[in-house]
Amino acid sequence: MQERLVFVYKSQTKNGRYLYLKEKDVFSHIPAQLLDAFGVPKFVMMFALSKHKNLPKVTPEELDKALEEKGYFLRIDLDDVEENLINKERKLKGLPLLSKSELEDLFK
């Protein structure tokens, strides 16, 4: 894997949505509909991909491949929204709440 800087942005309107880019503030290669749904990106951090072996929700190899092929990677953390919705519904039905690991198994 080549040395690569990664630029991370979060959605200001959608919780748990992150864009990883290979170039800072270059959004031209992102499909317009995706960018419209994402909302205005807010820069949160930059990191060297080769120095990170444990990334949330993606392997360094998968991220590198997406950045090379598409120029971006969209990460959606389902835990925030779906976890709350699923457990809210279970609570309404009188069912026991699911643990975080049980919820993660649902989205594999």
*Taking the stated definitions as given, is S28 of a type in the set (G, A, S), out of contact with any Cys (no Cβ under 6 Å at 6 or more places or on another chain) and not in a helix (DSSP H, G or I)?*
yes
*Can you name the condition, by its number, that L74 falls short on among (1) at pLDDT 85 or above; (2) aliphatic (A, V, I, L, M); (3) in a helix (DSSP H, G or I)?*
(3)
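Is it the case, given these coordinates, that D36 is over 28 Å from E104 (Cβ atoms) and part of a helix (DSSP H, G or I)?
yes
When you go through A66, A48 one by one, which is the residue that is touching an Asp or Glu at 6+ places or on another chain (Cβ under 9 Å), within 30 Å of R4 (Cα to Cα) and in the same structural domain as E3 (by TED's automatic domain parsing)? Before the answer, list the steps.
Working: A66 fails: touching an Asp or Glu at 6+ places or on another chain (Cβ under 9 Å).
Step by step, each of A66, A48 is checked, and only A48 is touching an Asp or Glu at 6+ places or on another chain (Cβ under 9 Å), within 30 Å of R4 (Cα to Cα) and in the same structural domain as E3 (by TED's automatic domain parsing).
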*Of all the residues that make up the range 39-61, how many are part of a loop (DSSP other than H, G, I, E, B) and without any contact (Cβ under 8 Å) to a residue 24 or more places away in the chain?*
6
*Among the residues of the range 51-71, which ones are more than 13 Å from the chain's Cα centre (by Cα) and modelled with pLDDT under 85?*
K51, H52, K53, N54
*Would you mind stating whether F27 is loosely packed, with under 15 Cβ neighbours inside 10 Å and not aliphatic (A, V, I, L, M)?*
no
*Is it fair to say K91 is surrounded by 11 or more Cβ atoms within 10 Å (Cβ to Cβ) and either touching a residue at least 12 places away in the same chain (Cβ under 8 Å) or closer than 19 Å to T13 by Cβ (or both)?*
no
*Select, from L103, L19, L95, L85, the only residue that is not assigned by TED's automatic domain parsing to the domain that holds L5 and not in a helix (DSSP H, G or I).*
L95
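The values are calculated or read from the model by the stated rules, or taken from the named source; none is laboratory data. The model shown is predicted, which means the values in this text are computed figures rather than measured ones. Cβ: placed from backbone, ideal geometry, glycine included. Neighbour counts: every protein chain shown.
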